[in-house]
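Peer 1: Following this message is one structure expressed as structure tokens.
Taken together, the values in this text are just the output of simple stated rules run on the coordinates, not laboratory data. Note that the coordinates shown come from a computational prediction; the quantities given were computed from them, not determined experimentally. Don't worry about glycine lacking a Cβ; one is built from the backbone with ideal geometry, like all the others, and counts go over all protein chains shown.
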Amino acid sequence: MNKFLLFFIAVPLIEMLVLIKVGEQIGALSTIGLVILTAAIGISLLKKQGVAMLNQANWKLNQGQIPAKEMAGGIVLAVGGALLLTPGFVTDAFGFACLLPGTRNFILSKVLKNISVAPIHRSNPAGYETYEAHQPEADIHQRHVSPKSEQSGDVIDGEFERKK
């Protein structure tokens, strides 16, 4: 039997068992309230952690670095948010583990230990060459793009200014 199929069958059964046991101890309405409360706390934490991670990724991009860890962390945050929105205490526990920075970093270290990230170098598919790399940083005010050779199709010409 496929492990994922077993997982998707076992998790809801475990959740139902835990919800029934908790409901027997504290009552059905209290259990429902607790599930809603954990979801609300989780969404609040998800928003705070997501904004912090987005700011960190933006900072790395501005420094010219690849925000690979932040992108992977964003995926872990999204999984954690989905788990927190799923009714149940077991999925909430795993969801909170994905949202808390210490456990999220532990999860990321286990997931990313065999993955390497490198920038992709490829030629411009439209056949255009940019001249920005040949000019000193202080002298760049506009980027000029010209075709390498005559090509069929539309030519899009553009300019930009770098604001400091």
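Peer 1: Please work out the Cα convex hull volume for the range 11-112 and give it in Å³ per residue.
Peer 2: 85
Peer 1: Here's another thing I want to ask about it. Using 0.36 nm times the number of residues separating residue 61 and residue 82, minus their current alpha carbon distance, what extension gain do you get?
Peer 2: Working it through step by step, the gained length comes to 4.9 nm.
Peer 1: Treating only the Cβ of Lys, Arg, Asp and Glu as charged (+1, +1, -1, -1), what charge dipole size does the range 11-112 show about its Cα centre? Round to the nearest 20 debye. Show your work: numbers first, answer last.
Peer 2: Working: 7 positive and 4 negative charges, 75 e Å.
Roughly 360 debye, rounded to the nearest 20.
Peer 1: Just subtract the alpha-carbon distance of residue 154 and residue 89 from 0.36 nm times their residue separation and send over the number in nm, one decimal.
Peer 2: Answer, rounded to one decimal: 17.8 nm.
Peer 1: Let me check I've understood the local charge: for residue 97, count other residues with C-beta under 15 angstrom from its C-beta, Lys and Arg +1, Asp and Glu -1. What total comes out?
Peer 2: That works out to +1.
Peer 1: So, counting K/R as plus one and D/E as minus one, what does the shell of residues with Cβ under 13 Å around residue 57 add up to?
Peer 2: So the environment of residue 57 carries a net charge of +1.
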